[in-house]
Amino acid sequence: MSDNNELKDDKKVNNNTKKKKIIKTAIIGIITVLIVAVLCILTVYVLWKKGFFIPKYVTWNNQSETFSIEKNMGSESKNASDICEKVDFQLVKKHLKITNHGTGEVLYESPKGWLVSDYFYADIDSDDDNEVVMMVWKQGSFGEHKPFWHKGKDNKWTQHIFIFEWDSERDDRLDPKWMSSGLGIKVHNVYIDEKNRVHFIAEDGEETIWQWLGWGLTLVQVIN
């Protein structure tokens, strides 16, 4: 009888050990799945924050140009450097940087969170002074202050056109003149014509022409 009892005890011990192993394996599996899920969510979130899910129809330009820009302070000097400053514009990997051509000093860099697809140096408002125009993707259709009709969160990636006046008295040189909310147009490409009008070419090929009229850009023509 004692031998039978010992066999039964051994079986119980083995069964309990197997159950413990199964439970332990299950717990490890659940924890592993949770860790993988959290890592996947974090990866997607980081990629989203970096703009990896911006539509593929966007054209991202890389270019470098040098401009001699007239200073806005009065000077009677005949020295060109006292009247104009020579600056380099560099758009590389969705980041715009403006530097002093002679010294390399960084005058302006597009803010973190802005993805710049293109820029222009043109007289957008036809006042005989060129402005810096940027095509920007960023989170949020509006700025710090949302319009009263907007409800809920404002954190989607949207495309904007930002216009700055050049101000040589500012350290960063760019004085915001007109900052659009989200364009609401699937802009594939953009250019500025000889009349200082902005042409948006949409993903479907539709072309819209916008002109500075009084204050801000106004739609003046649609080309299908």
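Laboratory data are not the source of any read-out in this text; all were calculated from the coordinates shown. Worth saying up front: this structure is predicted, and the values here are computed from it rather than measured. As a convention, Cβ positions derive from the backbone with ideal geometry for all residues, glycine included, and neighbour counts pool all protein chains shown.
Below, the figures for the structure above:
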quantity: Förster radius 25 Å - calculated FRET efficiency between GLU65 and VAL222 (Cβ-Cβ, nearest 0.05); calculated: 0.25
quantity: Inter-probe distance in nm under a simple model that places probes 7 Å from Cα toward Cβ, at MET179 and VAL106; calculated: 2.0 nm
quantity: Region 166-198-region 115-141 distance, computed between alpha-carbon centres (Å); calculated: 2 Å
quantity: Residues of region 155-182 with amide N under 20 Å of a point placed 7 Å along Cα→Cβ from LYS97; calculated: 171-174
quantity: Packing-based ranking, highest mean first, of 113-124, 28-39 given that Cβ atoms within 10 Å are counted; calculated: 113-124, 28-39
quantity: Estimated FRET transfer efficiency when R0 is 22 angstrom, pair ILE83-ARG170 (beta carbons, to 0.05); calculated: 0.80
quantity: Ordering of 186-193, 102-109 by burial proxy (mean other Cβ atoms within 10 Å per residue, highest first); calculated: 186-193, 102-109
